Amino acid sequence: MSLFPKIALRPEVEDYLRASFKNEEIVTALGVQEAERKFETLLNHLSHPPAFTTVRVNTHLASVKHVEDLLLEEINKQFNGLSVPILQHPDVQDVLLIPVIGPRKNINKQLSEVIVGAHCGNAVLRGAHVYVPGILSASKFMKAGDIVSVYSDIEGKCKKGAKEFDGKKVFLGNGISELSRNEIFSLSSPLTGIGIRMTEPVYLSPSFDSVLSSSLFLQNLPSAVVSHVLDPQPGEKILDMCAAPGGKTTHIAALMRDQGEVIALDKIPNKVEKIKRNAALLQLSCIRAFCYNGTKALGKAENGQGGPPFLPESFDRILLDAPCSGMGQRPNMAYTWTLKEVTSYQPLQRKLFTVAVQLLKLGGVLVYSTCTVTLAENEEQVAWALRAFPCLQLLPQEPHIGGEGMVGAGLSVDQLKQLQRFDPSIIPLKDTDITSIRDARREDMIWLANKDCIGFFIAKFVKRESF
């Protein structure tokens with residue numbers, strides 16, 4: 001059932017996306033009405049959180065069973081004794097799935113209100129508390145210890161420091177204020193910690209603030225699938241071209257048992273530092289992170305440190321988790337980008353891909369992925385790559401728990417089967433309560449986790465001959 005309005009898009013962006021999901025091939029296969037229904041289902045899903053919280057176990061330091069036992073204790077404590085099952089994914093065995101309970105409709109709204117920005121609101125729907133920088137407005141007389149109702153400003157119209165807000169807002173749940181209004185909006189000493197500790201969220205999902213930080217990584221299911229599809233082996237040299245914040249980088253290193261070399265690139269300095277911190281936290285020593293633009297990663301080596309640029313055919317495997325329009329991320333109630341911004345990524349992705357092909361060894365594997373749902377950034381890129389680089393061939397993916405590729409880019413039926421698209425428009429939105437979880441069969445819950453996740457795309461190539 002839909003609790004929130006569908007994702008708000010600029011009209012030209014919604015028309016652009018609709019054209020992908022109602023292209024001639026889809027309409028021929030499904031009919032106009034069914035194609036439109038699936039598109040509207042997608043828009044509704046994007047404003048709601050996935051059905052499961054997914055954590056990846058750092059198998060370099062801990063066993064999955066050990067982390068599962070510790071998580072059960074933590075969740076029992078956070079949920080005041082409410083017993084929620086934790087499932088090990090049968091096909092992605094270093095991943096644990098925790099059902100998200102909600103939407104909960106019996107929460108009493110309070111007179112005292114706190115308004116948060118849309119980005120902060122999205123995090124709350126995934127289990128986070130409200131941090132001070134995300135707070136836009138608080139009731140005039142709010143004190144520390146007050147029970148308050150938290151709302152998301154989905155149109156971005158609330159002014160920082162406002163005492164009330166009558167614009168479009170969405171109820172996220174209740175919490176306890178850790179600070180007074182005056183402390184939150186103090187100009188002399190801005191604060192950064194937790195401002196509202198959520199106690200009755202509309203969607204109940206565990207908070208992972210400082211929870212088992214060296215043993216697990218909070219990661220969407222398709223993002224964890226990517227590294228398994230890459231299938232890194234101990235002793236190999238691997239490039240993660242657009243690596244921040246390091247979730248896939250550290251996963252690759254763990255799958256290699258920290259043996260070999262993982263080069264991580266990102267062009268933004270503070271993001272590179274985050275990769276390094278995550279590698280240190282998870283105690284993975286084979287990772288080396290560099291602040292470097294991936295489009296310039298091919299060239300004559302300039303230093304003796306083994307960093308970029310790199311000579312052709314330097315890497316056994318390459319992951320290009322490309323910068324993209326991000327239209328598969330959930331929850332997201334308001335997507336503010338213009339059509340020009342959305343369509344700007346295809347040329348950049350092709351520049352990065354061209355460099356990746358040249359850096360890949362003969363017989364090497366290249367995995368391309370995005371967290372968006374557009375045809376132009378996914379299947380059209382695969383069609384372009386196969387035309388532009390005859391040396392490349394699509395490979396089957398393992399595990400393959402998502403759907404096939406979407407028609408409309410001129411790919412064959414066999415080629416579409418080798419792609420992996422996670423598309424939440426496949427199923428209707430469902431309410432999840434603790435009774436339905438306890439009564440559900442395990443295989444049905446795994447099926448739901450595979451379908452009701454973020455929008456994501458994966459393609460796997462092998463390089464058969466020199467570029």
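The values are calculated or read from the model by the stated rules, or taken from the named source; none is laboratory data. Source: prediction; values computed, not measured. For neighbour counting, all protein chains shown are included, and Cβ atoms are generated from backbone atoms with ideal geometry for every residue, glycine included. These area figures cover heavy atoms from the full protein model, side chains too; ligands, DNA and RNA do not enter into them. Shrake-Rupley method; radii C 1.70, N 1.55, O 1.52, S 1.80 Å.
What the table below lists for this structure:
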| item | result |
| --- | --- |
| Solvent-accessible area per residue, Å², over segment 113-201 with all protein chains present [probe radius 1.4 Å] | 47 Å² |
| Angle in degrees between helix 379-388 and the longest Cα principal axis of the chain, rounded to the nearest 10 | 20 degrees |
| Accessible solvent surface per residue of segment 205-314, calculated while the other protein chains remain in place, 1.4 angstrom probe, Å² | 41 Å² |
| Cβ-based charge dipole, segment 221-463, positive-most Cα from LEU416, SER223, GLY363 | GLY363 |
| Degrees, to the nearest 10: 442-451 long Cα axis against longest axis of the chain | 80 degrees |
| Protection proxy ranking, peptides 18-25, 272-279, average beta carbon neighbours within 10 Å, highest first | 272-279, 18-25 |
| Interchain or long-range residues, amide H under 5 Å from LEU298's placed H | PHE310 |
| Accessible carbon and sulfur surface of the chain relative to its total accessible area, %, 1.4 Å | 51 percent |
| Environment charge of PRO50, counting only residues whose C-beta is closer than 13 Å and scoring Lys/Arg +1, Asp/Glu -1 | +2 |
| Overall form of the chain per C-alpha gyration tensor (a/c, 1.5; a/b vs b/c) | prolate |
